[in-house]
Protein chains: 2
Amino acid sequence: MTDHRQLIEARIAEWCAALPNDGLFPPMAYLMRLPAKRVRPALVLMGCELFGGKAADALDEALGIELFHNFTLMHDDIMDAAPLRRGQPTVHAKWNVNAGILSGDAMLVKAYQLMAKRSEVLDLFSRYALGVCEGQQRDMEFETRLNVSVAEYLEMIRLKTAVLLSCALQTGAIVAGASVGDRQLVGEFGEHLGLAFQLRDDLLDAFGDPAVTGKQQGGDLRAGKKTFLLIRGAECAAQKRSTVLDEELTKPSAQRDVSRMRDVIEQLGVRSEAEAEVLKNDRAAQEALAAINVPEYLKAPLRALAAMLLDRAN
Amino acid sequence: MTDHRQLIEARIAEWCAALPNDGLFPPMAYLMRLPAKRVRPALVLMGCELFGGKAADALDEALGIELFHNFTLMHDDIMDAAPLRRGQPTVHAKWNVNAGILSGDAMLVKAYQLMAKRSEVLDLFSRYALGVCEGQQRDMEFETRLNVSVAEYLEMIRLKTAVLLSCALQTGAIVAGASVGDRQLVGEFGEHLGLAFQLRDDLLDAFGDPAVTGKQQGGDLRAGKKTFLLIRGAECAAQKRSTVLDEELTKPSAQRDVSRMRDVIEQLGVRSEAEAEVLKNDRAAQEALAAINVPEYLKAPLRALAAMLLDRAN
């Protein structure tokens, strides 16, 4: 993982340094240079090595996936009117909305240029890029809908988050020349990992230690964001005639008692349900990985990554 | 041309009909269905036929180019806060800004899917797509700059408009298997045609008959938009110590005397200069076309199209 990080950071630094420093390009370099986990490009390299390929051979595609991810962040931050990203001003806050729209567009084109070497990668990338757009569309739609089911929520995070992890791993697998069956299995691994990862994120937001996550505890609850916890919480509260969540949600967000909301979510058993959902997806991911037809030692890095992502405290 | 129009309209209608009618897709179908000249997709088909290919073989790429063009319109209209497009509400006005950003993004991905059959087409398309983004960036930058030179303006319209016509023709040429040299020549033809086309547009805005153009006469002048006429007009006015344009431009736009501005632009000789620039580019386009190594009768449709685009009254 450390080797991958170094390869990726070096490639990103080199790419940013080669950009013209005016017009469309400074916002791209700014966003790409903000410190980040680089999970998606690491998955491209790991998907490649899993099937005996060299990480260096998949570096362009790894950069392409990270560019695509940052393009979606640039546009999502505009749509969400978010002032901060990774603790720093968002692109539209630092420049302006138009710069964010247009630099984002150009960034998507740049991502395509890096994904264009193999037609199989390209087809996969386009399909999954549409999925990510659709996921974001649903996420926005949910904000104004009263009733969102758990199934709809899980499908939204599958599209918005999980498919890109799956795409990253499959891209690496294609570069390494994996069989179609193995490629599908590693894609399944990625999708379940992505679902577990996002549900872990939801849990961390409500129950994580702010000193470790670096975020205000319960930010999603305060905002009334329809995550697994609040959607399933509302269902269970209705069954058990608990009115706490309703009471809090009718208050203006600044006046919500977040610790009261968190406590009732825990009492209703929703925290355990979410933990069980994380475990279920983790198990499904492990099963897909187990079925892949390569020696066990090649799978170890992906197992370690999954453990790290799911046990993480931040 | 009529045959091409029918092929293109049928392909667009079929494409729109196959879209899901919720989420990201209705804004795409809405914009694509607005009546339009379809110049860019027609150029794809004509570029193909020029080199002996069949129009039907380039229909996917023609649709891809039109989708890309409409993606740029969707995002440009947001950036320009334009309420109307082709006489109808813009996508962000009819839906909202977020829908316009996200549907536009997905539309760019859809365009890529159609351009992905041939790697040569794909490379070309990405390069030219970046050019279009850069052209839009400069166009916006010019709004807040005091001094823009004629050369900078011509480079901006080259990027924003002309390169896509060039890309359309070259795409058709690649589908038909044209030689690299011929492909470059048809690209040059398209670029000069695009420059002439945009300058003709600038002239029509100021001097066209509103009954024919369907637009308010002098809209660009009233808005103080830095087109060839106003940029070159300011230069000539400074040399000849004419203060009319300065006087009008210091007024709020609603109070500007557009006919006075138009008259002084004519008196300063700038209208004739713009006409000469149209002719110069038309000649350069014709020269490039003449140098292409195919029988003369195959070139007739492109000559006719150029004549139609440059002699047009709307």
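The values are calculated or read from the model by the stated rules, or taken from the named source; none is laboratory data. These numbers come from a predicted model, not from an experiment. Note: ideal-geometry Cβ built from the backbone for every residue, glycine included; neighbour counts use all protein chains shown. Heavy atoms of the whole protein, side chains included, go into the accessibility calculation; ligands, DNA and RNA do not. Shrake-Rupley method; radii C 1.70, N 1.55, O 1.52, S 1.80 Å.
Laid out as a table, the results:
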| read-out | value |
| --- | --- |
| Evaluation of B:Arg5 against (1) open to solvent by 60 Å² or more (accessible area, probe 1.4 Å); (2) within 14 Å of chain A (Cβ to nearest Cβ) (one fails), failing number | (2) |
| Qualifying positions in the range A:50-74 - surrounded by fewer than 18 Cβ atoms within 10 Å (Cβ to Cβ) and either closer than 20 Å to A:Asp220 by Cα or within 11 Å of chain B (Cβ to nearest Cβ) (or both) | none |
| Lone qualifier among A:Met28, A:Met46 - being away from chain B (no Cβ under 14 Å) and either among the polar types (S, T, N, Q) or buried (at least 22 other Cβ atoms within 10 Å of the Cβ) (or both) | A:Met46 |
| Subset of the range B:163-186 (residues that are surrounded by fewer than 24 Cβ atoms within 10 Å (Cβ to Cβ) and among the small types (Gly, Ala, Ser)) | B:Ala176, B:Gly177, B:Ser179, B:Gly181 |
| Residue list for the range A:234-257, restricted to those being small (Gly, Ala, Ser) and out of contact with any Ser or Thr (no Cβ under 9 Å at 6 or more places or on another chain) | A:Ala234, A:Ala238, A:Ser242, A:Ser253, A:Ala254 |
| Residues satisfying the stated conditions in the range A:75-88, i.e. assigned to a helix (DSSP H, G or I) and within 10 Å of chain B (Cβ to nearest Cβ) | A:His75, A:Asp76, A:Ile78, A:Met79 |
| Answer residue from the range A:286-314, given it is open to solvent by 50 Å² or more (accessible area, probe 1.4 Å), outside any helix (DSSP H, G or I) and touching a helix residue (DSSP H, G or I) at 6+ places or on another chain (Cβ under 7 Å) and is modelled with the lowest pLDDT among those | A:Asn314 |
| When residues of the range A:31-43 are limited to those that are charged (D, E, K, R) and within 18 Å of A:Thr161 (Cα to Cα), the one nearest to the other protein chains (Cβ to nearest Cβ) | A:Arg40 |
| Residue count, the range A:197-240 (criterion: open to solvent by less than 30 Å² (accessible area, probe 1.4 Å) and assigned to a helix (DSSP H, G or I)) | 16 |
| Hits in the range A:92-148 (condition: at the interface with another protein chain (Cβ under 9 Å from one of its Cβ atoms), open to solvent by 30 Å² or more (accessible area, probe 1.4 Å) and not in a helix (DSSP H, G or I)) | A:Lys117 |
| Selection from the range A:8-24 of residues that are open to solvent by less than 20 Å² (accessible area, probe 1.4 Å) and part of a helix (DSSP H, G or I) | A:Ile8, A:Ile12, A:Cys16 |
